[in-house]
Amino acid sequence: MKKKIIVALLLLSLGKMTYSQKYEHIADTPPMGWNSWNIFGCDINEQMIRDITDAMVTSGLKDAGYEYIIIDDCWHGERDSLGFIHSDPEKFPSGIKALADYIHSKGLKFGIYSDAGTETCAGRPGSRGYEYQDALQYAHWGVDYLKYDWCNTDNINPIGAYTTMRDALYKAGRPILFSMCEWGTARPWTWAQDIGHMWRTTGDIYLCWDCKHDHGGWFSWGVLQILDMQEGLREYAGPGHWNDPDMLEVGNGMSVNEDRAHFSMWAMLSAPLIAGNDLRNITQETIDILTNPEVIAVNQDKLGIQGLQYKKEKDLEIWFKPLTEDRWAVCFLNRGELPIELKFNWKENIVNDDFAQRQANFNTTTYKIRNVWTGKDSGTTEKNIKTKLAGHDVLMLTLTPKIKNQK
Ligand code: GLA
């Protein structure tokens with residue numbers, strides 16, 4: 001019995017040793033970028049990606065902190081006789097290295113997509129059996145980010161498959177952010193902290209506020225459905241390892257309220273902010289949402305603590321997120337279609353965040369309030385909130401401690 005325990009402990013510690021081989025400090029705050037899938041699907045080509053890269057700069061997204069240009073599924077051509085993967089010669093005639101060089105020349109980083117199975121979800125060559133070779137190829141091309149999907153994986157073990165690619169990337173010698181796209185099926189938040197820098201927590205997002213879309217056997221999910229699936233996951237996220245509730249649908253056709261609320265909640269969740277709209281035809285309204293510096297600052301706060309759902313009353317949800325310097329972000333979300341008369345008495349609410357070991361007690365501390373969407377100061381927590389909150393919209397605030405009240 002004793003022997004068995006010792007062997008088990010030895011194996012565990014060996015396991016831990018390999019788990020340390022992940023690039024550190026490349027995702028200390030949630031990654032920010034753009035990905036081709038949500039708006040373009042398989043319909044991508046090199047000129048379009050170059051134009052999107054230019055638009056990332058001219059629209060102001062780069063200055064706002066967006067860093068990665070990621071091509072999703074369907075960039076692939078065939079493997080050659082030696083097993084090396086090539087890009088689709090018609091869609092990417094100059095090859096991937098030239099594209100990566102172009103993106104780098106604009107001061108941005110480059111991300112690519114593959115799959116742990118034999119084929120990607122769209123039927124292109126997967127990396128199964130080619131992990132080390134593909135990782136070397138990506139490093140040679142100048143890849144900075146790999147999204148690694150989970151289609152056509154038969155019954156392989158997800159921990160093994162993602163660890164193999166993590167180790168292959170590490171051995172390839174170029175820091176590459178590893179984005180795991182396993183859809184949350186095997187609860188990666190419980191085992192992937194040392195494997196990936198982020199992991200999808202759900203199936204794919206769908207362009208709607210509150211719906212699910214049946215693809216015939218599998219579903220994709222609206223903003224509210226995805227939000228609800230984040231329950232219980234906040235303690236698994238932190239600097240270097242983020243819960244990923246999927247890419248943004250901002251600018252793809254929801255109403256401006258819905259886009260604002262979607263973006264706010266992803267900021268509260270410390271989610272990776274990966275835009276998924278056509279940056280070449282972006283409206284000022286969408287730019288204003290995607291580049292709001294105060295909302296982005298909430299998402300990028302150095303503590304890296306995911307927000308806490310503090311209360312839920314019918315259509316109203318109230319979220320608190322601890323920030324550095326004893327500050328908080330607060331988000332009142334109206335899930336419903338009808339406006340709500342929002343009333344909030346700060347002093348009647350003591351927010352205890354056991355996970356972050358933080359408390360917001362408005363009887364002992366007064367906070368200055370800032371409305372992050374209007375960019376205006378908005379009094380203090382001495383005064384109750386009484387306002388109308390439109391349907392599918394948010395009131396998002398930051399709180400900065402002002403005075404410690406005398407007892
Ligand atoms: C899966 C992923 C999506 C996207 C597609 C590409 O559905 O979850 O994010 O990468 O594959 O085929």
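To one decimal place, what Kirkwood hydrodynamic radius in Å is obtained for segment 124-268 from all pairs of distinct Cα atoms?
So the Kirkwood estimate lands at 16.4 Å.
I need the P(r) histogram for the chain: all alpha carbon pairs, bin width 10 Å from 0 out to the longest distance, whole percents.
5, 22, 31, 24, 13, 6, 1, 0
Counting heavy atoms of the protein chains only and a 1.4 Å probe, report the per residue accessible area for the chain as a whole number of Å².
44 Å²
Using the Karplus equation 6.51 cos²θ - 1.76 cosθ + 1.60 (θ = phi - 60°), what ³J(HN,Hα) coupling, rounded to whole Hz, does each residue of segment 240-257 give in order, writing x for Gly and Pro?
Going residue by residue, I get x, 7, 10, 5, 10, x, 5, 6, 7, 10, 4, x, 9, x, 6, 6, 5, 4 Hz, with x marking Gly and Pro.
Work the Kirkwood hydrodynamic radius out for segment 278-361: mean of 1/r over every pair of different alpha-carbon atoms, inverted, in Å.
Details: mean 1/r = 0.0670 Å⁻¹.
Kirkwood radius, segment 278-361: 14.9 Å.
Taking a ≥ b ≥ c as the square roots of the eigenvalues of the Cα gyration tensor of segment 130-202, is the shape rounded (a/c under 1.5), prolate (a/b larger than b/c) or oblate?
prolate
Calculate the FRET efficiency for residue 86 and residue 324 from the Cβ-Cβ distance with a Förster distance of 45 Å, rounded to the nearest 0.05.
Working from the Cβ atoms, E equals 0.50.
In this model, which of 302/368; 62/321; 321/386; 109/311; 62/386; 343/376 are farther than 29 Å apart at the alpha-carbon?
Working: 302/368 20 Å; 62/321 25 Å; 321/386 21 Å; 109/311 39 Å; 62/386 37 Å; 343/376 20 Å.
Correct reply: 109/311; 62/386.
Using a Förster radius of 41 Å, what is the FRET efficiency between residue 403 and residue 311 based on their Cβ-Cβ separation? Nearest 0.05, please.
Efficiency, rounded to the nearest 0.05: 0.95.
Isolated Cys in the chain by the 4.7 Å beta carbon test?
181, 331
Using a 10 angstrom cutoff on alpha carbons, build the Gaussian network for the chain and name the most mobile of 111, 142, 222.
Among 111, 142, 222, the largest GNM mean-square fluctuation belongs to 222.
Could you give me the radius of gyration and the Dmax of segment 99-168, taking only the C-alpha atoms into account and expressing both in angstrom?
12.8, 42
Find how many whole Å separate the alpha carbon centroid of segment 75-147 from the alpha carbon centroid of segment 196-263.
26 Å
I'd like the carbon and sulfur percentage of the solvent accessible area for the chain, probe radius 1.4 Å, heavy atoms only, ligands and nucleic acids excluded.
C and S atoms contribute 51 percent here.
Out of the GluC sites (Glu not before Pro) in segment 104-203, which ones are loop residues according to DSSP with at most 11 other C-beta atoms within 10 Å? Let's see the in-between values first.
On the way: sites: 119, 131, 182; in loops: 182.
Taking segment 104-203 and a limit of 11 other Cβ atoms within 10 Å, no loop GluC sites (Glu not before Pro) are found.
Per DSSP H run of at least 4 residues, take -39500 (n - 2.57); add these up for the chain, divide by its residues and hand me the 222 nm value, nearest 500 deg cm²/dmol.
-8000 deg cm²/dmol
Using per-residue counts of other Cβ atoms within 10 Å, averaged over each peptide, order 94-104, 159-169, 343-353 from highest down.
159-169, 94-104, 343-353
What do you get when you divide the Cα radius of gyration of segment 308-404 by 2.2 N^0.38 Å, with N the number of residues?
Dividing the Cα radius of gyration by 2.2 N^0.38 Å gives 1.03.
The values are calculated or read from the model by the stated rules, or taken from the named source; none is laboratory data. None of the values given here were measured: they were computed from a predicted structure. Methodologically, a virtual Cβ is constructed for each residue, glycine included, from the backbone with ideal geometry; neighbour enumeration extends over all protein chains shown. To get the accessible areas, we keep the full protein, side chains included, count just its heavy atoms, and leave off ligands, DNA and RNA. Shrake-Rupley method; radii C 1.70, N 1.55, O 1.52, S 1.80 Å.
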